[in-house]
Amino acid sequence: MYNEIDLDKIDLNLEPPMEEPARQYYFMAKCREWVRGFEQKNGRRPLACTQTFGCQMNAKDSEKLAGILQAIGYCETESEDTDLVLYNTCTVRENANTRVYGRIGYLGRLKRQKNGNMKVILCGCMMQEAHVVEKIKKSYPFVDLIFGTHNIYKLAELLEKSFSSKKMIVDVVDKAETIVEELPSERKYNFKAGVNIMYGCNNFCSYCIVPYVRGRERSRKPEDIVAEIKKLAASGITEIMLLGQNVNSYGKTLENPVHFAELLRQAEQVEGIQRIRFMTPHPKDLSDELIQVMAESKKICHHIHLPLQSGSSRLLKEMNRHYTKENYIALAEKIKKAMPEAALTTDIIVGFPGETEEDFLETLDVVRRVHFSSAYTFLYSPRSGTPAAAMPNQVPEDIAKERFDRLVAAVQEVSAEFAKQAVGRIEEVLVEEEKSDGFMTGRLKNNLLVHFPKVKSTLGSYCTVKLSESKGFYYLGEEVKDVNKNSV
Ligand code: SAH
Ligand code: SF4
Ligand code: F3S
């Protein structure tokens, strides 16, 4: 960990070391010198604003980037009108890209009108696409630094280069050369944390850009993961979320292959950890062993996010998902049989090329039969370079939107039904948010939220709450003394 390394003891008269992570510590120390100069000139420390546009994996990367900036000496700020702005981008759907372009334009105006010295840094999935980098070079020449998903660990080295250059620096590589660990990380919460268990994806679902921008699947060693979890537990973290694009194919690429179910068993042994979650399993690889480990566990939350994408077996084949509607429903039933109180959530795409009304009705049918507790619904967005973008029969926007609205209505109906079942129960929640109006937000083990007036509970603590009223996809509740707790 960086706090075990004293950056001020690094001899900057020497050449930078070639090996990692020592090389990055050297550049962090160099950047720190720059920060001292800034402080002398301005009478304050420089400020940095880090924004995440993507999924949990991106958010986790942002914590590492923020950690490096903090080690260098930057203070964090929410405002983008500041000394350094870093956008960690997402390109999974076009609207993610559009948002980023809009915001970069805004940064350009700030830089022109208010602060010519502002550093603008772009990284993440969008930057792995050559056409994006071209567009930025052409239309947003004020950007200082661009890097991708495979070299986030190099932030200090690239920033140091950028301090002494007026030109835009671009460092995007196609493949992860190394996984550099043991770098600083600045966590968003002090009671829950994400833990990467693998990087990349090998599935190549035909609509999806992720394998192109995140590279091939690579698993971290179980001993490294468990060591990280122990460290987190020692620092007060009680809930962990194991992260990967297809967690149940975890371990296949290791020298000594280990199943995801086995990793969960090991994670469960870590003292101090009370809740374990994971994201995302793929229906095609969800094993009976995993269901069993979950059912027997007191710590693994009985919530599975199981992306359906479509209920039409024909479209699932076109999507390269490797399961059918029937397989999916049977799997959901198996999960519910082993864990009757489990919550299933999902992702669904509407308007995939060639989707007919009949295909769409199959999707609605699955939604009604599986009783999801919630679902993320997306309009299909063509991603250049993916097979689906070149498929004929792209669905007209008005038809896709009309189906989308019907799907959202169906999801609301089933999720309200799901939530209603637990009204009146007394449950343990992890308190995740404290609102200014005196309300707290707690998360149930099954991932649903409950808002309740604060009595004694504190942020990050576990407390017992009665679920008084269902509001569709969340509850209103009240804190109760720790009695007759149900064990969901
Ligand atoms: N690895 C996860 C999810 C990754 S992306 C999985 O396998 O499910 C998150 C969600 O974005 C996907 O589940 C999918 O529903 C959606 N998505 C991905 N590509 C998309 C596209 N081109 N258009 C619309 N939605 C998309
Ligand atoms: Fe994309 Fe499919 Fe990989 Fe998920 S499993 S990241 S949807 S290619
Ligand atoms: Fe987006 Fe990249 Fe995640 S494309 S969804 S941020 S892996």
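The values are calculated or read from the model by the stated rules, or taken from the named source; none is laboratory data. Keep in mind it's a predicted model, so treat the numbers as computed, not measured. A quick note on method: Cβ atoms are made from the backbone with ideal geometry, for glycine too, and the neighbour counts reach across all protein chains shown. We work out accessible area using only protein heavy atoms, side chains counted, and drop any ligands, DNA or RNA first. Shrake-Rupley method; radii C 1.70, N 1.55, O 1.52, S 1.80 Å.
I'd like the Karplus ³J(HN,Hα) series for segment 459-470: coefficients 6.51, -1.76, 1.60, θ = phi - 60°, whole numbers in Hz, and an x wherever there's a Gly or Pro.
4, x, 9, 9, 9, 9, 10, 8, 7, 7, 8, 9
Can you list the residues, at least 5 places off or on another chain, whose amide H is less than 5 Å from the amide H of CYS75, using H built in the peptide plane?
HN-HN under 5 Å from CYS75: LEU47, ALA48.
Quick one: which residues, 5 or more positions from ILE169 or on another chain, have an amide H under 5 Å from its amide H? H modelled 1.01 Å from N in the peptide plane, none for Pro or chain starts.
Result for ILE169 returns LEU145, ILE146.
Please go through the residue pairs LYS435/LYS456; LYS188/LYS252; LYS9/LYS166 and name each one whose alpha carbons sit more than 23 Å apart in this structure.
Too far apart for the 23 Å limit: LYS188/LYS252; LYS9/LYS166.
Using per-residue counts of other Cβ atoms within 10 Å, averaged over each peptide, order 202-209, 11-18 from highest down.
Packing proxy ranking, top to bottom: 202-209, 11-18.
Per the helix-only calculation at 222 nm, which mean residue ellipticity applies to the chain, given -39500 (n - 2.57) for every DSSP H run of n ≥ 4 and division by its residues, nearest 500 deg cm²/dmol?
About -11000 deg cm²/dmol.
Placing +1 on the Cβ of each Lys and Arg and -1 on the Cβ of each Asp and Glu in the chain, which of ALA96, THR178, PRO392 has its Cα farthest towards the positive end of the resulting dipole?
ALA96
Based on alpha-carbon positions alone, could you give the equivalent ellipsoid semi-axes of the chain from the gyration tensor, as √(5λ), descending, whole Å?
Calculated on Cα positions only, the semi-axes equal 38, 29, 23 Å.
Top to bottom by accessible area (1.4 Å), largest first, where do ASP6, ASP288 land?
Largest to smallest exposure gives the sequence ASP288, ASP6.
When the Debye formula is applied to the Cα atoms of segment 44-181, each taken as the same point scatterer, what base-10 log of I(q)/I(0) results at q = 0.08, 0.12 Å⁻¹?
-0.18, -0.42
Assuming a viscosity of 0.692 mPa s and a temperature of 37 °C, what translational diffusion coefficient in µm² per second does Stokes-Einstein assign to segment 228-351, Rh being the Kirkwood radius over Cα pairs?
Stokes-Einstein gives a translational diffusion coefficient of 212 µm²/s.
Distance from the Cα centre of segment 220-267 to that of segment 103-125, in angstrom?
Between the Cα centre of segment 220-267 and that of segment 103-125, the gap is 37 Å.
Filter LYS60/LYS138; LYS192/LYS334; LYS64/LYS175; LYS337/LYS445; LYS30/LYS138; LYS298/LYS454 down to the pairs with a C-alpha to C-alpha distance above 21 Å, please.
Too far apart for the 21 Å limit: LYS60/LYS138; LYS192/LYS334; LYS30/LYS138; LYS298/LYS454.
Could you tell me which of LEU14, TYR26, GLN40 has its Cα farthest along the dipole of segment 1-86 towards the positive end, charges placed at Cβ (Lys, Arg +1; Asp, Glu -1), taken about the Cα centre?
The Cα lying farthest towards the positive end belongs to GLN40.
Got a sec to turn the phi values of segment 231-248 into Karplus ³J(HN,Hα) couplings, 6.51 cos²θ - 1.76 cosθ + 1.60 with θ = phi - 60°, whole Hz, x for Gly and Pro?
4, 5, 4, 5, 8, x, 6, 10, 10, 10, 10, 7, 10, x, 6, 8, 4, 7
Among 104-114, 460-470, how do they line up from the highest to the lowest mean number of other beta-carbon atoms within 10 Å?
Packing order, densest peptide first, comes out as 460-470, 104-114.
Charges only on Cβ, +1 for Lys and Arg, -1 for Asp and Glu: so what's the dipole of the chain about the Cα centre, in debye to the nearest 20?
760
Near the amide H of LEU242, under 5 Å away, which other amide H atoms are found, from residues 5 or more places off or on another chain, if H is placed in the peptide plane?
VAL195, ARG277, PHE278, MET279
Would you please put 435-444, 77-86 in order of how densely packed they are, using the mean number of other Cβ atoms within 10 angstrom per residue and starting with the highest?
77-86, 435-444
Hey, what angle do you get for helix 397-420 against the long axis of the chain, alpha-carbon based, 0 to 90 degrees rounded to 10?
Computed tilt is about 70 degrees.
Go through segment 252-258 residue by residue and turn each phi into a ³J(HN,Hα) via Karplus (6.51, -1.76, 1.60, θ = phi - 60°); whole Hz please, and just put x for glycine and proline.
Per residue, the Karplus-derived 3J(HN,Hα) values read 5, 8, 6, 4, 10, x, 9 Hz.
In whole angstrom, note down how far apart the Cα centers of segment 299-370 and segment 424-463 are.
Taking the Cα centre of segment 424-463 as reference, the centre of segment 299-370 is 30 Å away.
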